[in-house]
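Report on one structure; see the data block that follows.
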Amino acid sequence: MATSTFGKQFSVRANKAAEFVSEMSKTVHPTLRKDFHSHSANLAQDTDLREKMKRALGNR
């Protein structure tokens with residue numbers, strides 16, 4: 001049972017605590033390939049990319 005709370009709060013009954021910890025401790029299979037590389041960039045730091053984005057969006 002892989003999960004992410006993203007700020008949501010939840011509670012676990014005391015009698016289910018051990019089961020919950022066991023489930024949350026299980027290893028999950030990776031969803032990305034080992035050769036995955038993110039091509040994300042920070043526009044505040046990449047001035048060349050920022051200028052290209054401005055031109056592409058018509059904001060010269």
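Where a number appears in this text, it was derived from the coordinates with a stated rule and is not lab data. Treat the numbers as computed from the prediction; the structure is a model and nothing was measured. A quick note on method: Cβ atoms are made from the backbone with ideal geometry, for glycine too, and the neighbour counts reach across all protein chains shown.
For the reader, a short list of remarks on this structure follows.
- Lysine pair number, Cα distance threshold 24 Å (strictly under), the chain, separation 8 or more or different chains: 4
- Estimated dipole of region 10-60 in Debye, rounded to 20 [Cβ of Lys and Arg +1, of Asp and Glu -1, Cα centre]: 200
- ³J(HN,Hα) computed for each position of region 36-49 - Karplus, 6.51 cos²θ - 1.76 cosθ + 1.60, integer Hz, glycine/proline x: 5, 9, 6, 9, 5, 9, 8, 5, 5, 9, 9, 5, 4, 5
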